[in-house]
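Below is one structure, written out as structure tokens; the observations come after it.
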Amino acid sequence: EAPTGLIGRLRFDPAGERLAFTVYEATSPGDVFVLRIADRSIERWTESEVGGLDTGRFVSPELVRYPTFDETNGARRTIPAFYYRPEGEGPFPVVVDIHGGPEGQERPRFDPRVQYLANELGIAVLAPNVRGSSGYGKTYLALDNGFKREDSVRDIGALLDWIEARPELDASRVCVMGGSYGGYM
């Protein structure tokens, strides 16, 4: 079965018969796989070490989109965010984790801190890609340049409104954090 997730480094063997690649997932640190070109078979070469934790409890994020303050093409602009939801009914406290950059990008990747928050503490984690994030085209990337910088801050305000409208989230217990540009936000 082919692995899912983000594919990292790719390397062919000297004969060009096998392709090694690393796959990163939200529920597992990077593992190495090898594709045999001739028969298209895939072999897993590593099993990531997670310190004896139950990987079956790890949370995969859901990609959500929340409306923000402005419009594009006659409709409300939406901002993508990865939502790591703990098990249970809630209401869950929330951590909004903002990536660095500004031209960075949040992607589903293994983050033991996120898994700890969701699994052990029952805290929902939202990781948005506010305007100015890479990976969504040049127009989106330029939406926070110059005098438009505060528009990305307004995107976080719109996320707080979205959180308040979600019955499983506790809008009275929200933490916003980030490093570098995420700290500015």
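Give me the residue from the range 36-67 that is of a type in the set (K, R) and under 26 Å from V96 (Cα atoms) and, out of that set, modelled with the highest pLDDT.
Filtering the range 36-67 for residues of a type in the set (K, R) gives 36, 40, 44, 57, 65.
If we keep only those that are under 26 Å from V96 (Cα atoms) as well, we get 57, 65.
Details: R57: 88, R65: 97.
If we take residues in the range 36-67 being of a type in the set (K, R) and under 26 Å from V96 (Cα atoms), then R65 is modelled with the highest pLDDT.
Residues of the range 17-44 being among the charged types (D, E, K, R) and either touching a helix residue (DSSP H, G or I) at 6+ places or on another chain (Cβ under 8 Å) or at positive phi (or both), which ones? Walk me through how you get there before you give the answer.
Here is the first cut: in the range 17-44, the ones among the charged types (D, E, K, R) are 17-18, 25, 31, 36, 39-40, 43-44.
If the condition is that a residue be among the charged types (D, E, K, R) and either touching a helix residue (DSSP H, G or I) at 6+ places or on another chain (Cβ under 8 Å) or at positive phi (or both), then R40 is the only one that fits.
Quick test for you: out of E89, E43, E47, pick the one residue that is touching a residue at least 40 places away in the same chain (Cβ under 8 Å), farther than 27 Å from Y181 by Cβ and of a type in the set (D, E). Full working, then the answer.
Details: E43 fails: touching a residue at least 40 places away in the same chain (Cβ under 8 Å); E47 fails: touching a residue at least 40 places away in the same chain (Cβ under 8 Å).
Unique residue meeting the criteria: E89.
Restrict the check to the range 110-118 and report whether at least one residue is aromatic (F, W, Y) and modelled with pLDDT of 90 or more.
The initial filter retains those residues of the range 110-118 that are aromatic (F, W, Y), namely 110, 116.
Subsequent filtering for residues that are modelled with pLDDT of 90 or more retains 116.
Yes; the residues of the range 110-118 include at least one that is aromatic (F, W, Y) and modelled with pLDDT of 90 or more.
With the requirement that a residue be assigned to a helix (DSSP H, G or I) and within 12 Å of V94 (Cβ to Cβ), what does the range 157-170 give you? Steps first, please.
Here is the first cut: in the range 157-170, the residues assigned to a helix (DSSP H, G or I) are 157-165.
Correct list: L159, L160, W162, I163, E164.
Where in the range 26-138 are there strands (runs of 3 or more DSSP E), lying fully within it, with 1 or more residues that are open to solvent by 30 Å² or more (accessible area, probe 1.4 Å) and in contact with a Ser or Thr (Cβ under 7 Å, 6 or more places away or on another chain)?
Numbers: elements: 28-36, 41-44, 62-72, 75-84, 92-98, 124-128.
Output list reads 28-36, 62-72, 75-84.
Quick check on Y184: is it free of Cβ contacts under 8 Å to residues at least 12 places away in the same chain and buried (at least 18 other Cβ atoms within 10 Å of the Cβ)?
Working: free of Cβ contacts under 8 Å to residues at least 12 places away in the same chain: yes; buried (at least 18 other Cβ atoms within 10 Å of the Cβ): no.
So Y184 does not fit the description; no.
Name every residue in the range 12-51 that is charged (D, E, K, R) and under 30 Å from P86 (Cβ atoms), in order of residue number.
Residues of the range 12-51 charged (D, E, K, R): 13, 17-18, 25, 31, 36, 39-40, 43-44, 47, 49.
Answer for the range 12-51, where residues must be charged (D, E, K, R) and under 30 Å from P86 (Cβ atoms): E25, D31, R44, E47, E49.
Quick check on my filter: what residues within the range 154-181 are farther than 21 Å from S133 by Cβ and open to solvent by 60 Å² or more (accessible area, probe 1.4 Å)? Give the steps one after another, and end with the answer.
Taking the range 154-181 as the starting set, the residues that turn out to be farther than 21 Å from S133 by Cβ are 164-173.
Across the range 154-181, the qualifying residues are E164, A165, R166, P167, S172, R173.
Of all residues in the range 139-153, which are open to solvent by 10 Å² or more (accessible area, probe 1.4 Å) and of a type in the set (D, E, K, R)? Talk me through it step by step, then tell me what you get.
Step one: of the range 139-153, the residues open to solvent by 10 Å² or more (accessible area, probe 1.4 Å) are 139-143, 145-151, 153.
Passing the criteria: K148, R149, E150, D151.
The values are calculated or read from the model by the stated rules, or taken from the named source; none is laboratory data. None of the values given here were measured: they were computed from a predicted structure. Using ideal geometry, Cβ is built from the backbone for each residue, glycine included, and neighbour counts are taken over all protein chains shown. Heavy atoms of the whole protein, side chains included, go into the accessibility calculation; ligands, DNA and RNA do not. Shrake-Rupley method; radii C 1.70, N 1.55, O 1.52, S 1.80 Å.
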